[in-house]
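Taking it in order: structure first as structure tokens, then the write-up.
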Amino acid sequence: MANNLTVFADATIHGGTYNKVRVFGSADVLGDLTAQSMKVFGAAEYKGKCHIDTLKLYGACEFEEYVEVKYLNIKGACEFNDDVKVDLLKIYGAVEFNKTIFRCNEVKVYGQATVSNLEADYIYINGHVDCSEQLNGEKIEIATHQGSKIKEMVGTNITVKPNRKWFVHVKSNTSKEVEIDTIEGDEIYLENVVSKAVRGNKITIGPNCKIDLVEYHESCNIKDENGVKQVEKY
Amino acid sequence: MEEITKKDLLILTGISYGQLYRWKRKGLIPEEWFIKRASFTGQETYFPKDLILDRIDKILELKDEVSLEELSEIINKKQSEKEITINDLKETNLFFNQEVFDLYEKETIGFNHVVLLKLMDNIYHIVEEKEELKNFYQFISKYAKDILNDYKEIYFITSNDKLTSIFVKDSNNLEYQVDDILKVNLKNLIDNIKLIVMV
């Protein structure tokens, strides 16, 4: 049975295998760390690889190496400088992923996230996302009231529209636009989107869109003609 | 290498954007095959034509028998421990030259050695002295694990009936001025063999 570890003040951990790790103060992890669960309330810096089942980050963390986590919950501010493999990811705070997040089951963003590549079966964004490379998902849903900037969004089922819940509606009347350079998918529904090119099988363009080019295969339904410059069938 | 645009690829193969990106997500189509170039709509993606068509054919062929998750598991697993018999291997039609089986002596064969044999199969036609092939095989089977894990590409040059091989870890800034050169990309080779042998 592996040990538990709790850090209250300032500590340097050389890695190893643990059951539960809790950091209240500040910790530097120098080697590879394996743990059942880990919670960071203070600050932590990881210089080795991490294999953790449940990782909850409430403080400030920085990861230099590859991280593999089953459930990752971020409520603080974090930075990941290498690839991340995670099954379930929830972001309430602010986070920066500088490499790929891959083979993920579910990603939910309520806070702010800067990502480069994100691959997941289900992606739900209700916060702000800055994506410099590609979002790739089986199903992608974006609620537009915080605005986002995405270079490329691809997947099977893509929906971008304002959050219809009434209290959100009252709070922010003006839904912000989401800037997405290219969108490619099978079924696409867009509202409040600024885009250069949208390509797919079945495309529905709702109100408040500014789109340069729509290329569709089966059907295309445009509710506001002014928002689309050019439509082509392939 | 001949290239194909994404739209042409979808029309030619009849698959959809969703399928293409699902396979990419599952690791069945490697990231390096998506070659991005600037165009008037931002950017256009190109693919190496032969490689991608071959891979898509294989996935379409297998997807009725094996689930996508299993395929993904097979192709992304680092090392496979499973051994198969030489006779089973002969039935897969993986090899063009049946003579290469003479190089291997045992009854069952591990995955690494299948890759090495296939490598021998690929260079079989450029080597005239078959004794040389045997020596080369003995050399690489000694370091099989290291070669397959660490190196990305192998270049083969034959001049004056001598076989020269160059093992490359990173081919991005490699320049050469030799015409008679055979390039083998190890990852593509391994992935293709996995899809044939391990399923």
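The values are calculated or read from the model by the stated rules, or taken from the named source; none is laboratory data. These numbers come from a predicted model, not from an experiment. For neighbour counting, all protein chains shown are included, and Cβ atoms are generated from backbone atoms with ideal geometry for every residue, glycine included. Side chains included, ligands, DNA and RNA excluded: accessible areas come from the protein's heavy atoms. Shrake-Rupley method; radii C 1.70, N 1.55, O 1.52, S 1.80 Å.
So how tilted is helix B:49-62 from the main axis of chain B? Cα-based, degrees 0 to 90, rounded to 10. With both axes taken from Cα atoms, the answer is about 90 degrees.
Taken per residue, the accessible surface of region B:3-76 reaches 45 Å², heavy atoms only and a 1.4 Å probe. In this structure, B:E105 and A:E62 have a Cβ-Cβ separation that, at R0 = 56 Å, corresponds to a calculated FRET efficiency of about 0.60. Which of the residue pairs A:K99/B:K194; B:K49/B:K183; B:K82/B:K106; A:K196/A:K223; B:K90/B:K152; B:K130/B:K183 have a Cα-Cα distance greater than 22 Å in the structure shown? Violating the 22 Å Cα-Cα cut-off are A:K99/B:K194; B:K90/B:K152.
Between the Cα long axis of helix B:130-142 and the first principal axis of chain B there is an angle of about 70°, rounded to the nearest 10. Modelled this way, with points 7 Å down the Cα-to-C-beta line, the labels at A:E232 and A:T12 are 6.0 nm from one another.
For region A:106-120, 3J(HN,Hα) computed residue by residue from phi via the Karplus equation (6.51, -1.76, 1.60; θ = phi - 60°) reads 8, 10, 10, 10, 10, x, 10, 9, 10, 10, 9, 10, 9, 10, 7 Hz, glycine and proline entered as x.
Per DSSP H run of at least 4 residues, take -39500 (n - 2.57); add these up for chain B, divide by its residues and hand me the 222 nm value, nearest 500 deg cm²/dmol. Don't skip to the answer; put the middle values down first.
Details: 9 runs with 87 residues, N = 199.
Estimated from H runs of four or more residues: -12500 deg cm²/dmol.
Across all directions, the average flat footprint of the convex hull enclosing the Cα atoms of region B:84-198 is 7.2 nm².
Among the chymotrypsin sites (Phe, Trp or Tyr not before Pro) in region B:143-199, those located in a DSSP loop and surrounded by at most 15 other Cβ atoms within 10 Å of their own Cβ are B:Y143, B:Y176. Take each residue in B:14-25, count the other chain C-beta atoms within 10 Å of its C-beta, and the mean is 6.
If I compute solvent accessible area with a 1.4 Å probe over the protein chains, what percent of it on chain A is carbon and sulfur?
Numbers: 4670 of 10410 Å².
That fraction is 45 percent.
For region A:5-105, the per residue solvent-accessible surface stands at 43 Å², with DNA, RNA and ligands left out and a 1.4 Å probe. Remark: C-alpha extents of chain B on the principal axes read 55, 43, 26 Å, sorted largest to smallest. Spacing of the modelled spin labels on B:K183 and B:I126, each 7 Å from Cα toward Cβ, amounts to 1.2 nm. Label positions at A:F41 and B:E69, each projected 7 Å from the Cα along the C-beta direction, are separated by 3.8 nm. Solvent-accessible area assigned to carbon and sulfur over region B:3-76 amounts to 46 percent, based on a 1.4 Å probe. Once the Cα-Cα distance is subtracted from the 0.36 nm per residue extended length, the A:E96 to A:D224 segment shows a gain of 42.5 nm.
Charging the Cβ of each Asp and Glu at -1 and of each Lys and Arg at +1, and nothing else, the dipole of chain A about its Cα centre rounds to 900 debye. Put simply, chains B and A cover up around 1900 Å² of each other's accessible surface, both sides summed, when a 1.4 Å probe is used.
Backbone phi angles across region A:124-137, fed through the Karplus curve with coefficients 6.51, -1.76 and 1.60 (θ = phi - 60°), yield HN-Hα couplings of 10, 10, 10, x, 10, 10, 10, 10, 8, 10, 8, 9, 10, x Hz in residue order; Gly and Pro are listed as x. Taking every alpha-carbon pair under 8 Å whose residues sit at least 6 apart, chain B reaches a relative contact order of 17 percent.
Taking Cα pairs under 8 Å and at least six residues apart, what relative contact order does region B:84-198 come out at, in percent?
Numbers: 111 pairs, mean separation 27.8, N = 115.
So the answer I get is 24 percent.
Averaged over its residues, region B:84-198 has an accessible area of 58 Å² per residue, based on protein heavy atoms and a 1.4 Å probe. Computed from Cα positions, the angle between helix B:111-123 and the longest principal axis of chain B comes to roughly 90 degrees. If R0 is taken as 56 Å, the Cβ-Cβ distance between A:E79 and B:F96 corresponds to a FRET efficiency of 0.65. Residues in region A:36-44 carry Karplus couplings, in order, of 6, 9, 9, 10, 10, 9, x, 10, 8 Hz; the curve used is 6.51 cos²θ - 1.76 cosθ + 1.60 with θ = phi - 60°, and Gly or Pro positions show x.
Taking the Cα centre of the protein assembly as shown as origin and assigning +1 to Lys and Arg Cβ atoms and -1 to Asp and Glu Cβ atoms, the resulting dipole is close to 1980 debye. Its relative contact order, with pairs defined as Cα atoms under 8 Å and 6+ residues apart, puts chain A at 8 percent. Amide H to amide H distances under 5 Å link A:V29 with A:I13, A:E45, A:Y46, A:K47, where only residues 5 or more positions off or on other chains count and H is placed in the peptide plane.
Between A:V21 and A:L5, A:S37, A:M38, A:K39, the built amide H atoms are under 5 Å apart, and every one of these is 5 or more places off in sequence or on another chain.
Rg of the Cα atoms in the protein assembly as shown, relative to 2.2 N^0.38 Å, amounts to 1.15. Taking amide H positions as modeled 1.01 Å from N, with prolines and chain starts lacking one, the residues under 5 Å from A:R103 and 5 or more places away or on another chain are A:E119.
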